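Read the figures in this text as sums done on the coordinates, not as results from a lab. Note that the structure is predicted; figures quoted are calculated from it, not measured. All Cβ positions, even for glycine, are placed from backbone atoms using ideal geometry, and neighbour counts span all protein chains on display.
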Amino acid sequence: MSQRIDPDHSRFRQIVRGQIKNNLRKYISSGELIGKKGKDRVTIPMPSIDLPRFKYGSKDQGGVSQGPGDVGDSLGADPQAGDGEGQAGSEPGQHELEAEFTLEELARILGDELELPHIEPKGVRTVRAPRDKYNAIRRIGPESLKHFKRTFREALKRQIIMGSYDRDRPIIVPRREDRRYRSWKESQVPQSNAVIIYLMDVSGSMGDEQKAMVRIESFWIDTWLRYQYKGIDSRYIIHDTKAREVDSETFYRTKESGGTMISSAYLLAADLIEAEFPEDSWNVYVFHFSDGDNWSREDTQKCFDTLRGRLLPRINLFGYGQVKSPYGSGQFLHDLEEAFPERENLVLSPIADRNAIMDSIRDFLGKGK
Amino acid sequence: MLPLYLQEMQSQVEAVARACGLNFFETRFILVDTKTINEVAAYGGFPSRYPHWRFGMEYDRLAKGSKYGLSKIYELVINNDPCYAYLLEGNNLVDQKMVMAHVMAHNDFFKNNTYFQFTNRKMIDEMANHAVKVQKIIDRVGIEPVENFIDVCHSLDNLIDPYSQFIARPPATRDELEDLIEEARAAAEGNQEPETAKKGAPRSYMKGFLSPDRSGAGRTGPDKTPPPSVQLRREPINPTRDVLAFLLHRAPLEDWQRTILELVREEAYYFAPQAMTKIMNEGWATFWHSRLMTHHLMDASEVIQFAHTTSGVTAQAPGQLNPYKMGVELFRDIAHRWDRGLHGPEYRACDDYEKKKHWDTGARDGLRKIFEVRRMYNDVTFIDEFLTPEFLTERLFYTYDYNRQKSEYVISSREFAQIKNRLLFQLTNGGHPVIAVTDADYVNRGELLLEHRHFGVDLELPYAKSTLENLYLIWKKPVNLITQIKDRPTLLTFDGAGHTSRDLPLASVGG
């Protein structure tokens, strides 16, 4: 139902969106600010949008209240924080705003701000999926779907035809045969399937901060790709010297130690794609995060072979994000640069710190693949 | 249309309320769902307001509050004749009945409290007119400039003088002064009744008691001579707290801006009495809804629900002042004291505790007294006159202050004088700082000078600076504010490019 407040409300949301856009870098670099809520909603805390006025400083002013307690007893840092009984006060809100967005809106903000191109999915031609849309009318159906306007229009038509319509006393009584119900039509919609495979190095040199950066970055990548594809699958692979597939929880929380053999992850990813995601109907994205410290040159060579032979030809994009760590040498990035001077669907992005995450997202998604 | 069972309930409640002496405008209840009540509440109770995002923000907050069960609007009532009030669909019947009784008392308060006498009782229509006016302006000059200008107006809309309607202030501008002189001359010649403006016209019986008498009737010869013209050159002639009126009069505004500033000011004055009587109004309504319910309207099966809801309304969280609770308790205290004669010099002079405890003159004058109070007082005078040390002690009042070492608020006092002073301070001028225009040609450069009367609490500095920026947008020349920062008199200036802050010698500050 549309309401009178809608224009004002959407104008307000527009202003909020503008604020978030202006501060996007801050929001991205401190990922914890963004709270997930349910499946597809996020909340973003922001300073309340307040109009300036001449007013007293609240810390100077103090207040009066009722209740037990001795002089000197603490009331906490902000006694005004809790809102008592709900009242439609004439006072403007002095609250912290918590802006609520769907992931789609968030993705759009990200896309606007980073000027990300939309992705042209492949596989459109091959896969079609049926989809129901409520845009038809039928003569039978459940009462809850009755279309009142149509029903009465039919009744009016019938009465006019039968001559029982009285212009001065326009009473319209629908009969059973006048009833119309909303119904659905099935249509074939092209469908693009997409899967994101995240690979992460969990060797000893990847610390908590490094993992946090990976988590933030993959959240945004996820958000953007989910906006681009309806229905997307995510798979997670962690590796040290051996690779294994895990769920997302484990992916972000695991703390391992030991060495690094990147090839193990690449081989596993290649196996996974070949087994489950045939290239003609799937858009496959692989993102690998590591500190760039591989075990040996031989293993690096093995990685390149897998990339060249089994991964790059089949997938939309391979992103390699190298997070800086105090222990890692960062050699792998240089090796990749040398081995792949032409990078059609391979993106390399060094992530020095949290502030670099935004640029890295731009690197990864800026190609429109 | 209200469903029949609610109509019946309304006539029942009205009959009982009337029998108890409440005297109210015709009341129209509207039954609405949560979404609509949030919408209406966001618009301050009015069905239509001019478009502005702030209403949208308020709606967002209310909608979230009700969605997550943090807050619920029980009742919403508009000071208008007929009085409109909203009932929330799906509330149980005990609550609906209670809300009706509550609304009747608010309605009575609007109608009879003296501070509401000059409010526009057709404000619903007026608000709708404002909406149309603003929409037309938007159609002509575009949404962006209008929205930005409304932002500016809102940030200044506490710069009004709520008492100016009740006290004839000395004239601020030359035009006003000339009007007064003209009026006085006309009245003296006796060929013309002074125009009784709907705003600010003193009652006839008050004539002669008001200093600079606006009606002109009590004015005697010598007073009428205009002050020397030297003074006339300066504006304002007298400092005025109605900054908005002064800006309307003197600021270089475009016509559409003047229209908007004017209507924002009008709405600010309309809402001012509600801010001035928050504790009284809510106390009065709570007093009567519980009295009507417990004495007349309720059967045994409804007691639990009534008690539950009322306890919610008068709940007290630490660090907050609940106007419902404070108001109703103070009204009850007054009724009690006047019933038993616990007032007056004799009672006050008595220092025998036992005697005082059982004091009863049998006056039974409580009801009459509280009706008198609801007519003649506002929150400031209400607290000032009727707060007693016993009341504050029994009800465990305290003041709290921010402790910078601990970074938290702590209870600072339970002394009567402290609590009362703090309360009066918070209620004075609706809790807004008192600021007046004192010079429109400051340092002979056409700069605007405002003065803040400092009562011991500093302004929030970042806010004050941003507000000066907004003021500059209207005045279009540098704007200045004299205030005190950490006990030092300071002149804040915004000249369009940047802020400066300068210490002043102590003497230059009034206060």
Study note, to complete from the structure: Placing each pseudo-label 7 Å from Cα in the direction of the beta carbon, B:Thr428 and B:Thr34 end up separated by a distance in nanometres of 4.3
Study note, to complete from the structure: Within the set A:Phe12, A:Phe289, A:Phe54, GNM on chain A using Cα springs under 10 Å gives the largest fluctuation to A:Phe54
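Over chain A, what is the relative contact order in whole percent, taking alpha-carbon pairs under 8 Å and six or more residues apart?
Numbers: 545 pairs, mean separation 61.8, N = 369.
This gives 17 percent for chain A.
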Exercise for review: Counting other beta carbons within 10 Å of each Cβ, put B:Phe425, B:Phe109 in order, fewest first.
Suggested key: B:Phe425, B:Phe109
Practice item. Just rank B:Ser311, A:Ser290, A:Ser325, fewest to most, by other beta-carbon atoms within 10 angstrom. Key: B:Ser311, A:Ser325, A:Ser290
Point to revise | Between 0 and 90°, nearest 10: helix A:6-22 axis offset from chain A longest Cα axis | key: 10
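Which value, in debye to the nearest 20, describes the size of the charge dipole of chain B about its Cα centre when Lys and Arg Cβ atoms bear +1, Asp and Glu Cβ atoms bear -1, and nothing else is charged?
Working: 61 positive and 69 negative charges, 109 e Å.
The dipole of chain B has a size of about 520 debye.
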Exercise for review: Could you pull out every one of the aspartates and glutamates with an alpha carbon less than 12 Å from that of B:Lys278, ignoring same-chain neighbours closer than 8 positions?
Suggested key: A:Glu91, B:Asp379
Revision key, fill the gap. Projected area averaged over all directions for the convex hull of the alpha carbon atoms of chain B, nm², comes out at 30.2
Review point. Tell me, what is the percent relative contact order of chain B, built from C-alpha pairs under 8 Å that lie six or more residues apart?
Key: 13
**Study point:** GNM result for chain A, Cα springs below 10 Å: residue of A:Arg244, A:Arg153, A:Arg310 fluctuating most strongly
**Key:** A:Arg153
Practice item. Mind checking the range A:308-346 for chymotrypsin sites (Phe, Trp or Tyr not before Pro) that DSSP puts in a loop (not H, G, I, E or B) and that have at most 16 other Cβ atoms within 10 Å? Key: A:Tyr327
Study note, to complete from the structure: If each part is reduced to its alpha-carbon centroid, the range A:319-364 and the range A:159-214 end up apart, in Å, by 40
Review point. Given 5 Å bins starting at zero, what is the percent of C-alpha pairs of the range B:237-386 in each, up to the one with the largest pair distance?
Key: 2, 8, 12, 13, 13, 12, 12, 8, 7, 5, 4, 3, 1, 0, 0
Point to revise | Ranking of B:Glu14, B:Glu144 by count of other Cβ atoms within 10 Å, fewest first | key: B:Glu144, B:Glu14
Review point. With charges only on Cβ, +1 for K and R and -1 for D and E, what is the dipole size of the range A:193-365 about its Cα centre, in debye, rounded to 20?
Key: 280
Check your understanding: How large are Rg and Dmax for the range B:433-508 when only the alpha carbon atoms are used, in Å?
Key -> 11.5, 31
Review point. How many angstrom separate the Cα center of the range B:329-368 from the Cα center of the range B:110-157?
Key: 46
**Study point:** Dipole of chain B, positive end: most advanced residue of B:Val16, B:Asn403, B:Leu31 [Cβ charges, Cα centre]
**Key:** B:Asn403
Exercise for review: Count the net charge of all other residues whose Cβ sits under 12 Å from the Cβ of B:Tyr472, scoring Lys and Arg as +1 and Asp and Glu as -1.
Suggested key: 0
**Study point:** Alpha-carbon centroids, the range A:1-24 and the range B:238-257: separation in whole Å
**Key:** 32
Review point. Along the charge dipole of the range A:129-188, which of A:Tyr134, A:Gln188, A:Gln159 sits closest to the positive end, that is, farthest toward it, with unit charges on the beta carbon of Lys, Arg, Asp and Glu (+1, +1, -1, -1)?
Key: A:Gln188
Revision key, fill the gap. In degrees, nearest 10, the alpha-carbon axis of helix A:208-228 is tilted away from the dominant principal axis of the alpha carbons of chain A by 40
Study note, to complete from the structure: For the range B:433-508, averaging the sequence separation of alpha carbon pairs under 8 Å that lie six or more residues apart and dividing by its residue count, the contact order in percent is 23
Practice item. Report P(r) for the protein assembly as shown: all Cα-Cα distances, bin width 20 Å, range 0 to the bin holding the largest distance, values in whole percent. Key: 11, 32, 31, 20, 5, 0
**Study point:** Estimated dipole of the range B:433-508 in Debye, rounded to 20 [Cβ of Lys and Arg +1, of Asp and Glu -1, Cα centre]
**Key:** 80
Review point. Counting DSSP beta bridges in chain A, what percent are antiparallel, to the nearest 5?
Key: 45
Revision key, fill the gap. Bridge orientation stat for chain B from DSSP, antiparallel percent rounded to 5, came to 75
Review point. Label-point separation (nm) for B:Ile167 and A:Ile140, each offset 7 Å from Cα along Cα-to-Cβ?
Key: 8.1
Revision key, fill the gap. Per DSSP, the loop-located trypsin sites (Lys or Arg not before Pro) within the range B:91-143 having at most 14 other beta carbons within 10 Å are B:Lys122
Review point. Suppose R0 equals 51 Å; then what is the FRET efficiency for B:Lys72 and B:Arg185 from their Cβ-Cβ distance, rounded to the nearest 0.05?
Key: 0.30
Revision key, fill the gap. With Cα springs under 10 Å, the Gaussian network model of chain A assigns the largest mean-square fluctuation among A:Tyr229, A:Tyr252, A:Tyr181 to A:Tyr181
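Which shape class applies to chain A: rounded if a/c is under 1.5, otherwise prolate when a/b exceeds b/c and oblate if not, where a ≥ b ≥ c are the square roots of the Cα gyration tensor eigenvalues? Kindly include the intermediate steps, with their values, before the conclusion.
Values: a/c = 2.92, a/b = 1.30, b/c = 2.25.
Judged from the Cα gyration tensor, chain A comes out oblate (a/c at least 1.5, b/c at or above a/b).
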Point to revise | Descending principal axes extents, the range A:129-188, alpha-carbon based, whole Å | key: 52, 19, 16
Check your understanding: With axes computed from alpha carbons, what is the tilt in degrees of helix B:278-292 against the longest principal axis of chain B, rounded to the nearest 10 within 0 to 90?
Key -> 20
Practice item. Give the residue from B:Thr309, A:Phe318, A:His147 lying farthest towards the positive end of the charge dipole for the protein assembly as shown; charges sit on Cβ (+1 for Lys and Arg, -1 for Asp and Glu) and the dipole is referred to the Cα centre. Key: A:His147
Check your understanding: What does the helix-only formula give at 222 nm for the protein assembly as shown: each DSSP H stretch with n ≥ 4 adding -39500 (n - 2.57), the total divided by the residues, and the result rounded to the nearest 500 deg cm²/dmol?
Key -> -13000 deg cm²/dmol
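Among the DSSP beta bridges whose two residues both lie in the protein assembly as shown, what percent are antiparallel, rounded to the nearest 5? Display every interim value, and only then the final one.
On the way: 58 of 96 bridges.
Given both bridge residues lie in the protein assembly as shown, the antiparallel proportion sits at roughly 60 percent.
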